[in-house]
Amino acid sequence: MPAVQPPIAERRPHTWPRATGPAEDPYGWLRDAEDPATTAYLEAENAFCADWFAPHTDLRDAIFSEIRSRVQETDVSVPARKGPWWYVARTIEGQSYGVHCRGESMDTATAHVLLDENVEAEGSDYFALGAAEVSPNHRLLAWSHDLDGSEEYVLRLRDLATGTDLDDRIEGTYYGTAWSADSEWLFYTVTDDAMRPHQIWRHRVGTAQADDVLVLQEDDERFFLDVDLSRSGAWVLITAGSKESSEVWLVAADRPTEPAVRVREREDGHEYAVDHWGDRFVVLTNLDAEDFCVHIAPLDAPNEWTPLVPHTPGRRITGVEPFSTHLVLHEWANAQPTLRILFRDGSERAVDVGTGPCDVEYSSNPEYDTEFLRFEHQSLVHPRSTFEENVHTGERALLKRTPTPNVDLEAYETERTWATSHDGERVPVDLVWRKGTARDATAPLLLYGYGSYEASLAPWFSVARLSLLDRGWVWALAHPRGGGELGRRWYRTGKLLQKRNTFLDFIACAEHLVSERWAHPQRVAIEGGSAGGLLVGACVTMRPELFATVVAEVPFVDIVSTMSDPTLPLTVTEWEEWGDPRSEPYASYMLGYSPYDNTNTADYPSMYVTAGLNDPRVSFHEPAKWVARLRSVNTGSRPLLFKTEMGAGHGGPSGRYDAWRDIAQTFAFLAVTT
C-alpha cells in the first residue's frame, strides 16, 4: 500500500442550469481558489503524486541527466544586426534563464549585457519575460516580466547606457508593445477583468502611468487587441481580432499622438492583417479567398486594395514579411510549411527546404533593408538550424545548428504515414524512432496531438524525446482536423459543430499505427496540453480501452460549464471556436464530447494530469474536477496522478532546469505505466 492514499474530494450539492436540463456537479466547489478546502485538496493530490513517484526517483533523475547531457548549456544565439548594434541571447551552464546582450560587431555581440533574466528572477520561483524591445534610438529597452504565471506583466524602461531602470513603471500590461519613431512614446496593451486585451495605451517616457493616454478601446468581447510596429518601423499597427474576423488601425510612428486611422471596417468572417512595404501597404486577407491571398494598398488610401498574390485553394498563406525589395510568404500546403520570396517586379522563387516533413519558420530578421533572409529549419531527426540566404542568388550559409552533444543523429529515422478517419478523410501522422526498433507490434508508442485554433504543428526536434526513443519507443505527431496543416478547410471541419472530427481523427491515427504494427495494441500512450488536453480527454472518455496511458497537461476538459460562463477569462472570445452551449444546437453537441461530463464508470488507463494554480487560460479547477470525478467512477487499479503547479500558470515551470525535470517526470511515468 502507498504511504499516501488517493485523495477523495468532498461532494457538495451544486446544479448548473443548462439548455439540455439541470446538471449536477458535486465538484463544482473546486472553482473557488479562496476556499481552504480547495487548497487542501490540491496539496493532497500533490502529496499523493510525489509519493507515487518516490520509488521511481532514480529513473526520473536518470532521464533528467540524459536530457541535460544532450544540451550545450553555455551557448549563444546567432548575432542579429539592428542599426549599429548586433544583438544576441546567451545561456550559461547552471543558470535557468537567458541573458540578452549586444555589441558593435558580430564578434563582440556579448560585450554589453542589456538584461539578465537570472538577476531579475532572483527570489522568485517563477519568471517569464514578456516584452523586450529596444527603442529606435537604441538607448532604451522596454521590458516586462511576470512572476507568477498569471500573464499579467509589469512593464519597465531601462537606460542602456547605465543599465538601470527608469522610474517609469506600468502595471497590468499584456503582450504587445510598439515604440514611436522618436523613442519618446511607447504603446502597450491592457486586459479587462476577463483577461481580454481590450485597450491600447500610449506612455510618454519619464512620466507616471496615471498620465498615460488611452488610444483605442475594444468593447466587443469577442475581440482581442494587439499592438506592434511594422517591419519598416514607420507605422504602429493596432489589430482587433476575434477567432473569425479582424480590423486594423494605423498610427504613423513619427506622429504618435495623432488618432489611429482604421484601414477597413470589420465584417463577420473577414480576416486581414496589414504591414508596410515602402510606398504601399501589404494586406494578407481571406476576402473571397478561403486560404488567403495578398493585396497592396496606397499609403494615402489603405482601404483601396489591389490583388498581388492570388488565392490558391489548399495553399494557406499564414504570414507575409515585407523587406525593402521583396516579400517573404510563409505558407502551409499538404501538411508542410514553406517559404516563398516575391520580388517587386512580380518574379518569385521558393526557398528549398527539402522533401521530408519538417518545420521552416522566419528567423530573426530585424533589418528591413537587406538582401538576406534568415530562416529556421528542423525536423524530427534534425536539430534547429539557422540559415542565411541571399534572396536574389539563392546562395545559402548555415549560421548555426543547435549543438547536441552525446547524440548520434544518424541513429534515428522518421517517416510520414496517413491514417483513414471515420469518414474517409486521410490524416497525416509523422513518426520518429531509433534505428533497430522492430516494427513488429511490440513497441510502446506515444501519440501527441493538438487539433484546435488552426494551429499547425510542424515536426520539431527534441533532445528530451530521445530518452523515450532510446528505450525502444516510437513517437508520433498526429495532425487531426481543427489544426491548419491542410488549409483553412482542415480547420473549419474540426471546430464548432464538426469538432468531433478532431477526436475521431486522433483515434483513427492510434488505430492505424497499431494496425501498421508500429505499436503494441496494449502499449499506446497519448499526450496533449490545453486544447490538446481536451483532445486526449475526449478520446479517453470515448475509447478508454484503446490507450494504456494518458498525459493531459493543463487540459480544457470542463468545456460546457466554462463556455457557459461569460464572466470567466476568454469565454466570450472562444464561442467562435467551440460554440455557445447556453443554447442549441451547441448545448447538446458540446455536451456529447465534453470529457468532464462524459467521465462515466469505466476501467481507465494510467493517467497523469497537470494544472497551474495561476493559469488564466485553463483554470486549475477544470483538471481538478475531472480527476475528482475520475477517482469516483474508475473501476480499474492503474495509477491516476494529478499535479498542480502552485506558483505557475499555463506553461508550467519557467526555468529550463525545472522544465527538464518536469519532462523527465512525465517520461518516467510513461516508462513505468505503458
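Every read-out reported here was derived from the displayed coordinates using simple, explicitly stated rules and does not represent laboratory data. Keep in mind it's a predicted model, so treat the numbers as computed, not measured. Note that we place each Cβ from the backbone using ideal geometry, even for glycine, and neighbour counts take in every protein chain shown.
From the Cα gyration tensor of the range 102-248, with a ≥ b ≥ c the square roots of its eigenvalues, which class applies: rounded if a/c is under 1.5, or else prolate if a/b is larger than b/c, or else oblate?
Verdict is prolate for the range 102-248.
For the chain, what is the percent of antiparallel DSSP beta bridges, rounded to the nearest 5?
Approximately 85 percent, going by the DSSP bridge assignments.
Where both partners of a DSSP beta bridge lie in the range 407-673, what percent of those bridges are antiparallel, to the nearest 5?
35
If you rank 650, 392 by fewest surrounding Cβ atoms within 10 Å, what's the result?
Arranged by neighbour count, lowest to highest, 650, 392 become 392, 650.
Quick one: grab the alpha carbon gyration tensor of the chain, order the square roots of its eigenvalues as a ≥ b ≥ c, and give me rounded if a/c is under 1.5, else prolate or oblate depending on whether a/b is larger than b/c.
Because its axes are fairly even, with a/c under 1.5, the chain counts as rounded.
Students often forget the sequence filter, so: which aspartates and glutamates lie under 16 Å Cα-Cα from residue 435 once same-chain residues fewer than 8 apart are removed?
By straight Cα distance, residue 435 reaches 408, 410, 413, 415, 470.
Compute the distance from the alpha-carbon center of the range 368-390 to that of the range 318-347, in whole Å.
14
What Rg and what Dmax come out for the range 407-673 when only alpha-carbon atoms are used, in angstroms?
When restricted to the Cα atoms of the range 407-673, Rg and Dmax are 17.7, 56 Å.
How would you rank 535, 141, going from fewest to most other Cβ atoms within 10 Å of each one's own Cβ?
Numbers: 535 31, 141 21.
Ordered by Cβ neighbours within 10 Å, fewest first: 141, 535.
Compute the long axis of helix 531-542 from its Cα atoms, compare it with the longest principal axis of the Cα atoms of the chain, and write down the angle in degrees, 0 to 90, nearest 10.
Relative to the chain, helix 531-542 is tipped by roughly 20 degrees.
Arrange the following residues from fewest to most other Cβ atoms within 10 Å of their Cβ: 355, 417, 571.
Taking fewest neighbouring Cβ atoms as first place, the list is 355, 417, 571.
Over all directions, what mean area does the Cα convex hull of the range 207-312 project, stated in square nanometres?
Its Cα hull, projected and averaged over all orientations, spans 7.6 nm².
Separation of the range 178-224 and the range 401-473 by C-alpha centroid, Å?
43
Would you tally the net charge around residue 410, using a Cβ to Cβ cut-off of less than 13 Å, leaving residue 410 out, and scoring K and R as +1, D and E as -1?
Taking every other residue near residue 410 into account, the sum is 0.
Once the Cβ-Cβ distance between residue 442 and residue 672 is put in as r, and R0 is 22 Å, what FRET efficiency do you end up with, to the nearest 0.05?
0.80
Where Lys and Arg each count +1 and Asp and Glu each count -1, what net charge lies around residue 451 among other residues with Cβ under 12 Å from its Cβ?
Charge balance in the 12 Å sphere: 0.
Show that you can apply the helix-only estimate: for the chain, add -39,500 (n - 2.57) for every DSSP H stretch of four or more residues, divide by all residues, and state [θ] at 222 nm to the nearest 500.
Details: 12 runs with 122 residues, N = 674.
Using -39500 (n - 2.57) per qualifying helix, the result is -5500 deg cm²/dmol.
Any idea what angle helix 621-633 forms with the longest principal axis of the chain, computed on alpha-carbon atoms, 0 to 90 degrees, nearest 10?
20
Could you give the distance between the Cα centres of the range 521-547 and the range 1-78, to the whole Å?
Going from one Cα centre to the other spans 18 Å.
Straight-line reach from residue 243: which lysines fall under 17 Å, measuring Cα to Cα and dropping same-chain residues less than 8 apart?
Result set, ordered by chain and number: 495, 499.
Using a ≥ b ≥ c from the Cα gyration tensor of the range 607-674 (square roots of the eigenvalues), is it rounded, prolate or oblate, where a/c under 1.5 gives rounded and otherwise the larger of a/b and b/c decides, a/b for prolate?
oblate
Of the chymotrypsin sites (Phe, Trp or Tyr not before Pro) in the range 473-509, which ones lie in a loop per DSSP and count no more than 12 other C-beta atoms within 10 Å?
Sparse-neighbourhood loop chymotrypsin sites (Phe, Trp or Tyr not before Pro): none present.
Compute the helix-to-body angle for 500-515: its Cα long axis versus the longest principal axis of the chain, expressed 0 to 90° and rounded to tens.
So the inclination is approximately 70 degrees.
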